[in-house]
Amino acid sequence: MLSKEQILAALSHVNDPELHRSLTDLKMVRDIQISGGSVEVTIALTVPNCPLKAQIEADVRAAISGLPGVEAVHVKMTAMTEEERQAIFGKPKEGAAAAYNHVQRVIAVMSGKGGVGKSLVTGLLATALAQQGYKVGVLDADITGPSIPTLFGLHGPLEPGPVGIRPVESALGIKVMSMNFLLEREDQPVIWRGPLIGSAITQLWGDVYWGDLDYLLVDLPPGTSDASLTTLQSLPVNGIIMVTTPQSLASMVVRKAVHMAQAVNTPIIGVVENMAYFTCPETGKRHDIFGASHSAEVAQAAAAPILVQLPIDPQVAAMCDAGKIEAVSLAETPALLNAFLEVVPVTK
């Protein structure tokens with residue numbers, strides 16, 4: 001004869017998909033009713049409107065259905081109150097989510113020069129990694145000029161998670177966090193001084209529930225001041241991808257960022273040259289629109305390889321404007337991915 005103890009034992013092997021703790025440990029199992037071979041169980045989600053509700057319900061149903069004598073399973077869903085949640089996780093405090101995050105590699109995408117395509121490189125690499133089955137997140141650290149949400153076609157508002165803010169997920173499952181998700185209007189300016197910007201970056205890291213990630217890519221703003229310094233000194237950055245364009249002027253400014261990275265002892269894992277050339281679709285001829293490349297000077301200063309040279313492609317630009325970077329099919333993307341994985345591999 002079925003008993004509540006058997007049901008609880010079965011549910012003790014069902015984990016919350018985000019927190020990786022059992023439903024019984026998290027006190028999510030609220031009521032069990034048994035009538036013959038029919039079982040009705042009530043599960044209290046950690047937050048209302050949990051996006052993983054369907055997965056939890058399916059896992060509960062499967063665990064109970066596997067018990068001898070069970071003929072039907074009915075799963076009811078409710079949600080914890082704030083008091084109940086605090087009793088389990090404690091009172092929310094700044095940086096609390098960081099204790100629950102497991103990120104294997106944090107990679108900053110940097111330049112020092114504006115308009116070279118840091119966000120494009122971040123988006124392309126995140127997409128390529130996700131397509132290969134890696135768990136990827138993107139932190140848009142450009143607080144005053146965020147562009148990552150536009151590239152991925154994502155919008156707020158944000159939803160609370162069990163222990164922190166839940167990032168917005170793209171079609172491929174890339175977890176994205178940006179200041180733009182916190183604004184009433186996407187074109188609303190953020191008029192802050194440096195210390196506030198630095199504080200915002202640390203909060204986007206510590207107060208966001210990233211969960212398990214193979215890679216977190218951090219899209220940095222231009223310059224070598226507060227935002228970049230805060231990121232490199234406050235986040236566990238494993239390495240930097242330096243982005244440049246062919247011009248001598250761009251090379252000079254990017255080398256400033258190289259020397260900054262070296263000053264704070266953060267390794268540069270490679271250089272990406274964006275807008276390297278343009279291939280005429282009618283003739284197939286390559287044109288070096290910005291002249292001879294000076295990216296080798298950046299690579300030499302950084303003591304790092306050139307990972308890839310990306311062309312100017314109007315179709316890619318149009319797809320990014322339309323929020324469809326995950327659908328971009330750029331011939332050079334596999335080269336970027338393979339070169340990147342050689343330098344910073346993770347265990348999947």
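Throughout, read-outs are computed from the coordinates displayed, never taken from laboratory work. Predicted, not measured: the structure shown is a model, and the values here were computed from it. Note: ideal-geometry Cβ built from the backbone for every residue, glycine included; neighbour counts use all protein chains shown.
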### Query
Short version: what are the Cα gyration tensor semi-axes of the stretch 1-159, square root of 5 times each eigenvalue, largest first, in whole Å?
41, 18, 13
#### Entry: Nearest-ten-degree value, helix 248-263 long axis tilted from longest Cα axis of the chain
50 degrees
### Summary
One would report the antiparallel percent of DSSP beta bridges in the chain, rounded to the nearest 5, as 25 percent
### Task
May I ask you to list the chymotrypsin sites (Phe, Trp or Tyr not before Pro) in the stretch 277-313 that are in a DSSP loop and have at most 14 other Cβ atoms within 10 Å of their Cβ?
none
### Query
If all Cα-Cα distances of the chain are sorted into 20 Å bins from 0 onward, what percent lands in each bin, rounded to whole numbers?
28, 48, 20, 4, 0
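Between Rg and the Kirkwood Rh of the stretch 144-294, both from Cα atoms, what is the Rg to Rh ratio?
On the way: Rg = 17.9 Å, Rh = 17.7 Å.
Here the Rg-to-Rh quotient is 1.01.
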### Task
Using the number of other C-beta atoms within 10 angstrom as an exposure proxy, rank SER65, SER119, SER111 with the fewest first.
SER65, SER119, SER111
### Query
Rg and Dmax of the stretch 1-47, Cα atoms, in Å?
11.1, 34
### Query
In debye to the nearest 20, how big a dipole does the stretch 4-89 give about its Cα centre with +1 on each Lys and Arg Cβ and -1 on each Asp and Glu Cβ?
60 debye
### Query
In percent, what relative contact order does the stretch 4-89 have, based on Cα pairs under 8 Å that are 6 or more apart in sequence?
29 percent
### Debye, to nearest 20: dipole size of the stretch 54-165, +1 on Lys, Arg Cβ, -1 on Asp, Glu Cβ
440 debye
### Query
About the Cα centre of the stretch 96-343, what is the dipole size in debye to 20, counting +1 per Lys and Arg Cβ and -1 per Asp and Glu Cβ, all else neutral?
400 debye
### Summary
For LYS256, the aspartates and glutamates lying under 14 Å Cα to Cα, once residues fewer than eight places off in the same chain are dropped, come out as GLU297
### Cα-based reach from LYS135 at 16 Å (exclusive), listing aspartates and glutamates while leaving out same-chain residues under 8 positions away
GLU18, GLU169, ASP212, ASP214, GLU326
### Query
Among LEU337, LEU216, LEU139, whose mean-square fluctuation peaks in a Gaussian network model of the chain (Cα, cutoff 10 Å)?
LEU337
#### Entry: trypsin sites (Lys or Arg not before Pro) lying in DSSP loop within the stretch 6-48, provided at most 16 other Cβ fall within 10 Å
ARG21, LYS27
#### Entry: Placed amide H near VAL73: partners under 5 Å, 5+ positions off or other chain
VAL39
### Task
Give the shape of the stretch 234-348 as rounded, prolate or oblate, defined through the alpha-carbon gyration tensor: a ≥ b ≥ c are the square roots of its eigenvalues, a/c under 1.5 means rounded, and otherwise the shape is prolate if a/b is larger than b/c and oblate if not.
oblate
### Message
Can you give the log10 of the normalised intensity I(q)/I(0) at q = 0.16, 0.17, 0.22 Å⁻¹, computed with Debye over equal Cα scatterers of the stretch 4-89?
### Response
-0.57, -0.64, -1.04
### Message
Can you tell me which aspartates and glutamates have their Cα less than 12 Å from the Cα of LYS76? Leave out same-chain residues fewer than eight positions away.
### Response
ASP31, GLU40, GLU57
### Task
Compare the Cα positions of ALA302, PRO48, PRO68 along the charge dipole of the chain (+1 at Cβ of Lys, Arg; -1 at Cβ of Asp, Glu; about the Cα centre) and return the one farthest towards the positive end.
ALA302
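Only helical DSSP H runs with n ≥ 4 go in: add -39500 (n - 2.57) per run for the chain, normalise by residue count and round the 222 nm mean residue ellipticity to 500 deg cm²/dmol.
On the way: 11 runs with 113 residues, N = 348.
Estimated from H runs of four or more residues: -9500 deg cm²/dmol.
So if we plug the beta-carbon distance of SER3 and MET77 into 1/(1 + (r/R0)^6) with R0 = 22 Å, what FRET efficiency do we get, rounded to 0.05? Don't jump to the answer; show the numbers that get you there.
On the way: r = 23 Å, r/R0 = 1.05.
Computed FRET efficiency for SER3 and MET77 comes out at 0.40.
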### Task
Please figure out what share of the DSSP beta bridges in the stretch 4-89 is antiparallel and state it in percent, rounded to the nearest 5.
45 percent
### Query
Going 7 Å from the Cα of ARG21 in the Cα-to-Cβ direction, what parts of the stretch 195-230 have a backbone nitrogen less than 16 Å from that spot?
209-212
### Query
HN-Hα J couplings of the stretch 208-224 from phi, Karplus 6.51/-1.76/1.60, θ = phi - 60°, integer Hz, Gly and Pro as x?
9, 8, 7, x, 8, 10, 6, 9, 10, 9, 10, 8, 8, x, x, x, 10
## Note on the structure
Checked against the positive end of the charge dipole of the chain (+1 on Cβ of Lys and Arg, -1 on Cβ of Asp and Glu, about the Cα centre), the farthest of VAL346, LEU249, LEU216 is LEU249
### Query
For the chain, the longest stretch holding no GluC sites (Glu not before Pro) located in a DSSP loop with at most 13 other Cβ atoms within 10 Å is which?
187-281
## Note on the structure
The rounded separation in angstrom of the Cα centers of the stretch 6-27 and the stretch 266-308 is 51 Å
### Whole-angstrom Cα spans of the stretch 132-183 along principal axes, big to small
31, 27, 16
